[in-house]
Each structure stands twice: as structure tokens, then as C-alpha cells.
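Enquirer: Here's a structure for you.
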Amino acid sequence: MKNNWSSKEASDLIAKYKKIGLSKDLALRVYSTQLLGREKKLVLHGGGNTSLKTETKNIFGKKIRVMHVKGSGWDMSDIDYPGLPAVELDPLLQTTNLKTLDDFSMVNLQRKNLLDSKAPNPSVETLLHAFIPHKYVDHTHANSILSLIDQPNDIEICKKVFGNKIGIVPYVIPGFELAIKANNIFKKNNKVIGLILLNHGIFSFGSTAKQSYDRMIELVNTAEKFLSKYPNKILKNSKKIKKNIIKSEDILPLLRKNLSSKIDDNYTKWVLNLRSNQKILNYLNNKNIKSFSQRGPVTPDHVIRIKPKPLILNLENISLNELDKKISSSINAFKKNYIKYFNKNKKFLKGSIMLDTNPRVILIPGLGIVGVGRTSKEAKIASDLAECTLDVISQAESFGKFKSISEKEIFKMEYWSLEQAKLKNLKRKYFSGNVVLISGGCGDIGLSTAKSFYDEGAEVILLEKEQHHINNTPSNIKKFAKIIKCDVANSKSLNKTIIEVIKIYGGIDILVCNAGAPWQGEMASISKDVMQKSLDLNLLSHHHISQHAVKIFLKQKTGGLLLYNISKQSINPGKNFGPYGIAKAATLFMMRQYTLEYAKDNIRANGVNPDRVNTNFGGKNFVRERAKARGVRKSEYLKSNLLNIEVKPSDVADAFVLLAKSKKTTGDVLTVDGGNITATLR
């Protein structure tokens with residue numbers, strides 16, 4: 001593993017922090033924490049933590065010893081100083097005199113001694129950091145270390161590989177007891193440069209940030225050097241790989257169907273994340289996959305994200321007609337086994353309430369790894385941890401035998417209140433688990449619609465043909481929306497995009513047909529080419545993408561929603577606007593035809609009729625041209641309605657969301673025009 005310490009980067013951060021009155025020590029603590037967090041073979045998704053011991057003055061001007069320690073919920077890769085809250089150190093050290101300390105009292109003590117009452121909860125391993133008498137302390141879950149210590153003869157291996165450089169701490173759940181054990185081990189040999197926590201991870205420490213970081217890299221490199229002597233036989237083909245004949249676009253929507261559940265009129269839906277490469281396929285193809293993949297997590301921290309075990313879904317020799325039944329029976333079997341696991345172990349944590357029984361990782365030989373989550377972020381985390389598990393187990397099995405902690409300890413970790421607290425903010429919003437696909441996505445209305453659905457918890461994909469619109473998409477939208485360049489009027493481009501969407505998210509729940517262009521001209525002189533272009537984009541593209549969506553809806557069996565930007569033009573034609581209006585009028589009829597034919601499948605179809613919205617639609621002169629066609633000035637045109645108010649893109653977006661929430665409404669057209677009697681539906 002490369003040592004990425006840069007004196008220049010460190011100096012730059014020191015200078016940056018100095019400007020806001022923060023110390024060199026804290027700047028270096030932030031810097032080395034980020035270095036560790038950016039290396040995925042050391043730290044993943046909130047795992048690991050760091051600390052710094054220093055001095056400050058309290059409000060009375062008295063010098064006190066404090067410890068900055070990673071706060072719960074912060075990611076080491078991009079942590080900043082607020083993510084390392086300061087805790088008064090001496091009260092924490094006094095707990096070494098206690099025989100026991102329950103979790104509530106430990107957390108209460110740590111919060112009570114925060115210098116800033118608004119700071120995040122200090123790490124559950126705060127006491128362990130406090131007891132180690134070094135200025136800087138680092139903790140990671142390095143893959144190579146886990147491969148060494150997840151073994152039946154773990155102590156023997158550690159002594160052979162590291163000698164007297166490290167102390168070895170037997171496994172115990174993080175908290176007070178682990179901190180006491182680690183402290184006792186350290187005191188037996190305070191010359192060590194690190195501690196190995198069996199079945200858990202590694203600590204390093206030093207008098208400077210660089211020394212502690214260097215020691216972490218040194219110990220990890222020592223482990224990697226040892227492992228390099230043993231070729232990874234698990235990832236080496238033991239038999240010919242058979243790729244699934246059934247495609248991912250057939251499998252993933254059916255997975256979503258069988259993972260989803262219905263309570264009253266509401267479906268609880270899940271987002272998927274498919275990972276596949278040669279390494280993954282080799283791992284899944286190993287003849288012993290059913291053995292080593294079911295032994296438990298590679299580090300206990302993972303269990304709250306991916307449950308104790310993955311589901312193995314073997315689809316070899318399964319026909320397309322048998323696929324749904326096979327997926328259903330496999331998921332149901334996983335759920336039954338999870339219930340048995342819970343009932344068997346709940347005695348170890350009284351008052352435990354069973355979590356949902358769905359798998360978080362599904363291993364499909366011949367296809368890949370599928371992460372499952374309430375959001376795409378959760379699904380990606382599950383896939384990331386599954387890939388980490390793959391690396392650790394395959395290497396562990398190549399020189400020994402992978403061994404996790406006992407089922408009892410796995411359960412205690414999964415249902416430990418301090419671990420579950422990490423997920424307490426991950427509550428479902430109205431559209432959590434729903435995948436929303438928006439065509440014409442990077443136009444003003446598309447962007448507003450994306451934000452409105454995202455604010456309600458949806459996963460958002462924007463389809464956009466024009467590269468300059470993609471380039472000009474605001475950064476706040478790019479942070480949450482997946483943008484795919486796609487010409488929805490081109491069948492080849494559309495087909496490819498739909499497959500990509502399914503691979504990324506597993507399916508589609510809501511389609512917003514918003515793509516369009518305002519071709520104009522007098523009816524008697526319109527060319528055939530102009531009329532065809534308008535029909536292709538403003539009508540037929542919506543039909544073709546709706547066909548794709550409906551096919552996915554029918555596989556998922558969780559309903560579905562088609563939403564169309566129909567436009568006032570479909571009801572109240574404007575002068576010289578026939579090519580556009582004819583296509584929009586046909587779209588209105590098409591929407592109602594979908595309503596009629598698929599309502600029995602709980603698939604709804606609704607439309608929005610916006611009018612005179614000041615957007616980039618049709619170019620910068622379009623609004624002026626339409627105002628001229630109506631014989632009014634631009635300012636009058638935009639407010640020429642009964643309410644004398646301008647309609648904005650966000651108003652149209654709100655209408656789409658309102659229709660999406662109106663679960664007992666289908667075949668409806670919602671007008672967003674400030675009031676226009678001539679465009680009223682009869």
C-alpha cells in the first residue's frame with residue numbers, strides 16, 4: 001500500500017486552518033484522517049476512526065486536556081474539523097477504575113464532556129482512544145489485516161507476521177469492555193506501535209500525525225507482503241464460468257418485486273445496485289461459495305449494513321418462465337432463515353425488535369453482486385462492502401480458512417443500540433425506494449421536477465439529448481441525479497439507456513415524459529419533415545419510453561406511474577403552433593389510452609397542462625415569439641391569466657409530484673396556467 005503523505009498538502013491545510021484560528025495539530029489530524037479514509041482498502045463508509053490528544057482552556061481560563069475524536073456519522077475520506085469534536089479527557093480516563101460501565105452511561109459520559117453540546121456523538125470507541133497514551137491514534141479495518149485475523153489460528157498468525165510490534169486484543173464488542181482489554185494489553189508492552197483487534201481491525205499510534213499514519217501503512221504493508229506469498233486461489237477459475245442466459249434487465253425488476261412489500265395501499269420499495277467484473281464472477285463461480293460466503297461478516301461493523309449473510313441466488317439452468325418463482329422462493333427462504341436467526345438469538349439482547357428480513361447483498365453466479373438498499377446510496381454501500389468482503393475472504397481462504405465471529409456475537413452487534421443509532425436518520429421519505437425517470441431532464445422544468453422528487457426521497461435519473469444542457473446542469477442537481485445522454489426519439493439510444501437504468505437502480509417506478517421541442521408554422525405551409533419531427537419527439541418518443549416503463553412495471557408488480565407534460569396547447573391551440581399542438585393533443589389521448597388499458601395492473605397515467613412558463617424551452621426568443629403570435633408584450637404574455645401571476649418551472653414540478661401522490665387518481669390532467677378559461681377541460 002502506497003504511503004500518500006504529502007508535506008505540501010499537509011502545509012496547505014495547516015495554513016488554511018491557521019486563518020480561522022485552528023491549531024497545526026488539529027489540521028494534521030484532519031489531513032491524516034482524510035488520507036486513511038480515501039484508501040478504500042483501509043476504510044469504508046463510516047468505518048474506522050481517529051483521535052488527537054491536546055490541551056485547551058475552558059471558559060474559566062483553566063488549562064484542560066481534551067481529545068478530538070471522530071464523530072458518529074462523519075466519513076473519514078472528507079472529514080473536516082467539526083467531525084472531530086473535542087471531549088474533556090480526564091473524566092474519560094477515570095473510567096479505568098470502574099469494573100463495569102453500561103452503554104447508556106458511557107455515551108452519556110462522553111456527551112456530557114463534549115466542549116460543544118451541539119457536536120455529534122463521539123465514536124463508540126472513544127474510551128479505547130482515550131486509554132492509549134499517544135497523542136495521535138488511528139483505527140482502520142484494513143482488508144489485508146482482516147484476511148490475517150479472521151482465522152481459527154489468528155493469534156499464531158499475528159505473532160508470526162508482526163512479532164513484538166503489535167499487541168493482540170481478543171474479540172469483544174466495542175465499548176467499555178473492549179477499551180479496558182485493549183488498555184491491559186497495551187500496558188503489558190507499551191513499546192508496541194499498534195494493536196490488532198481480532199476479527200475487528202487494527203490501531204496504530206504515535207507522537208505525531210505522520211508517525212501514526214506511517215505506522216498504519218507499515219503494518220498494512222507487512223500484512224500484504226505476507227499474503228503475497230499465497231496466490232489468490234479463490235479468484236482463480238476452478239471451472240468454466242457460465243454466464244446467465246437470462247439478462248439483468250429480466251432479473252432485477254423481479255428482484256424488486258419480491259423484495260417489496262405492501263401495507264394497505266403503500267408499497268415499500270427497494271433500490272438495487274449491480275456490480276460485475278471478472279474478479280466478482282470468478283469469486284461467485286468458486287465451488288465453495290456456499291460455504292465461505294455464509295460464515296459471517298469480515299468485520300462486525302459491516303453487519304448493520306449488509307446483515308450477517310448474503311443471499312446466494314443460483315439461476316443456472318433456470319428458464320425465463322421459471323425465473324420469478326425461483327427468485328420468490330429464494331428470497332422467502334432467506335427471510336425464514338433470518339427470522340429463525342432472530343428468534344434464536346434475541347435472548348442475548350432483551351427488548352430487541354426484529355428488523356426487516358430482506359437480504360442486503362445478493363450473490364448471483366454468472367451475473368454479479370446486487371446491493372439492496374432503501375436508497376441508491378444504501379445499495380451502493382452494500383455493494384461496496386460486498387466487494388470488500390470478497391477481497392478479504394478470497395485472500396483468507398487462499399492461505400487458511402476464513403472465520404468470522406460467532407452467531408451470538410454477530411446478533412449482538414447487529415442489534416446493538418449504539419450501532420443501530422448510526423442508522424437512525426435513515427428514515428423513509430414519501431418516495432424512498434422509488435426510481436423516477438425524467439426525459440428532457442436538463443431543461444428548466446425537468447430540473448425543477450428532479451429536485452421536487454428528490455426532496456421527497458426518490459432516486460432521480462435525467463435523460464438529456466443536448467450536451468450543453470448537461471454541461472450547464474447546476475452542481476446541486478448533479479450531486480443527487482444520474483444524468484444519461486439519450487435521444488429518446490432514437491430507438492437504439494433509448495433501448496440502451498433503459499438497460500443502463502435497470503442495471504444502476506433495478507427498475508423504474510415513475511416516468512415523467514417531459515422531452516419536447518416547439519416546432520411552429522402555419523398549417524397550410526408546414527412541411528412533412530417538420531410535422532414528422534414534431535410527432536417523433538412530442539408524441540412517439542413518449543409512447544416508446546412508456547412502453548419500456550410499462551413492461552418494467554408489469555414485472556415489478558408494484559404499480560407504476562406515467563406522467564406527461566401535455567401542455568395547454570393540446571386543449572387550446574395557439575396561432576402558428578400546429579405542429580406542436582397536434583402532437584400534444586395526441587399525447588393527451590395516448591395518456592388516457594394507457595390509463596384505460598393498464599389501470600387493472602395498478603398503473604396510473606396522468607398529465608400536466610402548463611402554459612406560458614418562462615423556461616429555456618424553444619430557445620431564448622421562444623417566449624417573445626409566442627407573445628407576438630398572441631399580439632401582446634412578453635411581460636403581459638407571461639402573466640396573461642386570471643390570477644395575473646407568472647407560472648414557474650417549480651409550479652409544474654409541484655403538479656407532477658402532486659399527481660404522483662394522488663394514488664387514487666388516473667387519467668387526469670392538472671392545469672398549471674394561472675387560470676385560462678379557454679383552456680379548461682370539458
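Enquirer: Which of 677, 315, 469 sits farthest toward the positive end of the charge dipole of the chain, with +1 on the Cβ of Lys and Arg and -1 on the Cβ of Asp and Glu?
Expert: Ranked along the dipole, the leading option is 315.
Enquirer: What are the trypsin sites (Lys or Arg not before Pro) within the stretch 158-204 that DSSP puts in a loop, where the Cβ has at most 11 other Cβ atoms within 10 Å?
Expert: 191
Enquirer: Continuing with this model, one more query. Compute the Cα gyration tensor for the stretch 634-682, then decide on rounded, prolate or oblate, letting a ≥ b ≥ c be the square roots of its eigenvalues: rounded whenever a/c is under 1.5, prolate when a/b is larger than b/c in the other cases, and oblate in all that remain. Walk me through the intermediate numbers first.
Expert: Values: a/c = 3.77, a/b = 1.67, b/c = 2.25.
Oblate is the answer for the stretch 634-682, as a/c is 1.5 or above yet b/c matches or exceeds a/b.
Enquirer: Let me ask another. Over the chain, average the accessible area per residue using a 1.4 Å probe and give it in Å², no decimals. Walk me through the intermediate numbers first.
Expert: Values: 30800 Å² over 682 residues.
So the chain comes to 45 Å² accessible per residue, rounded to a whole number.
Enquirer: Using +1 on the beta carbon of Lys and Arg, -1 on that of Asp and Glu, and nothing else charged, what's the dipole of the chain about the Cα centre, debye to 20? Working shown, then result.
Expert: Values: 107 positive and 62 negative charges, 207 e Å.
Charge dipole, the chain, about its Cα centre: 1000 debye, nearest 20.
Enquirer: At 1.4 Å probe size, with the rest of the protein present, what percent of the exposed accessible area of the stretch 463-568 is carbon and sulfur atoms?
Expert: 52 percent
Enquirer: Right, another one. Enumerate the lysines that residue 18 could reach by cross-link, defined here as Cα to Cα under 28 Å, with residues fewer than 8 away along the same chain left out.
Expert: 8, 53, 57, 62, 63, 70, 118, 135, 210
Enquirer: For the peptides 539-549, 491-501, 2-12, what is the packing order when you average, over each peptide's residues, the other Cβ atoms within 10 Å and list the highest mean first?
Expert: 539-549, 491-501, 2-12
Enquirer: Next question, about the same structure. Work out from phi, with θ = phi - 60° and the Karplus expression 6.51 cos²θ - 1.76 cosθ + 1.60, the ³J(HN,Hα) of each residue of the stretch 77-91, listed in order in whole Hz, and give x for Gly and Pro.
Expert: Here the 3J(HN,Hα) series is 5, 10, 4, 10, 4, x, x, 10, x, 8, 10, 4, 7, 4, x Hz.
Enquirer: Would you mind classifying the stretch 25-115 by shape? Square roots of the alpha carbon gyration tensor eigenvalues, ordered a ≥ b ≥ c; an a/c under 1.5 is rounded, otherwise it is prolate if a/b is larger than b/c and oblate if not.
Expert: oblate
Enquirer: Same structure, new question: Using the structure shown, list the pairs from 225/287; 41/403; 482/584 with a Cα-Cα distance above 24 Å, or answer none.
Expert: Over 24 Å apart, Cα to Cα: 225/287; 482/584.
Enquirer: Still on this structure, please answer the following. Tell me, what HN-Hα J-couplings in whole Hz come from the Karplus equation 6.51 cos²θ - 1.76 cosθ + 1.60 at θ = phi - 60° for each residue of the stretch 118-132, using x for Gly and Pro?
Expert: So the Karplus estimates, Gly and Pro as x, are 8, 5, x, 4, x, 3, 5, 9, 4, 5, 4, 4, 5, 6, 6 Hz.
Enquirer: Ok, one more. List every residue whose amide H lies under 5 Å from the amide H of residue 607, counting only residues 5 or more places away in sequence or on a different chain, with H placed 1.01 Å from N in the peptide plane.
Expert: Here 564, 668, 669, 670 satisfy the definition.
Enquirer: Are there any trypsin sites (Lys or Arg not before Pro) in the stretch 384-413 that are in a DSSP loop and have at most 16 other Cβ atoms within 10 Å? List them by number. Could the numbers behind the result be given before it?
Expert: On the way: sites: 401, 403, 408, 412; in loops: 401, 403.
Those that pass, being in a loop and sparsely packed, are 401.
Enquirer: OK, next. Give the residue list of chymotrypsin sites (Phe, Trp or Tyr not before Pro) in the stretch 48-131 that are DSSP loop and have at most 13 other beta-carbon atoms within 10 angstrom.
Expert: Those that pass, being in a loop and sparsely packed, are 60.
Enquirer: Rounded, prolate or oblate: which one fits the stretch 232-347, using the alpha carbon gyration tensor with axes a ≥ b ≥ c (rounded when a/c is under 1.5, else prolate when a/b beats b/c, else oblate)?
Expert: Details: a/c = 1.92, a/b = 1.15, b/c = 1.67.
It comes out oblate by the Cα gyration axes.
Enquirer: Amide H of residue 483: which non-local residues (sequence gap of 5 or more, or other chain) have their own amide H closer than 5 Å, using H built in the peptide plane?
Expert: Correct list: 462.
Enquirer: What list of ³J(HN,Hα) values in whole Hz, one per residue of the stretch 222-232 in order, does the Karplus curve 6.51 cos²θ - 1.76 cosθ + 1.60 (θ = phi - 60°) give from phi, with Gly and Pro shown as x?
Expert: 4, 5, 5, 4, 5, 5, 5, 6, 10, x, 6
Enquirer: Roll a 1.4 angstrom probe over the protein heavy atoms and tell me the percent of accessible area of the stretch 164-253 that is carbon or sulfur.
Expert: Ligands and nucleic acids excluded, carbon and sulfur give 53 percent.
Enquirer: Ordered by packing density, taken as the mean number of other Cβ atoms within 10 Å over each peptide's residues, highest first, how do 113-121, 204-212 rank? Please report the intermediate quantities before stating the final value.
Expert: Details: 113-121: 14.1, 204-212: 20.3.
Top to bottom by mean Cβ count within 10 Å: 204-212, 113-121.
Enquirer: Could you order the peptides 146-156, 282-292, 506-516 from most to least packed, using the average number of other C-beta atoms within 10 Å per residue?
Expert: 506-516, 146-156, 282-292
The values are calculated or read from the model by the stated rules, or taken from the named source; none is laboratory data. Owing to the predicted nature of the structure, the values given are computational and were not obtained by experimental measurement. In this analysis, Cβ positions are derived from the backbone assuming ideal geometry, glycine residues included, and neighbour counts consider all displayed protein chains. Each accessible area value is taken on the protein alone, full model and side chains, heavy atoms only, with ligands, DNA and RNA left out. Shrake-Rupley method; radii C 1.70, N 1.55, O 1.52, S 1.80 Å.
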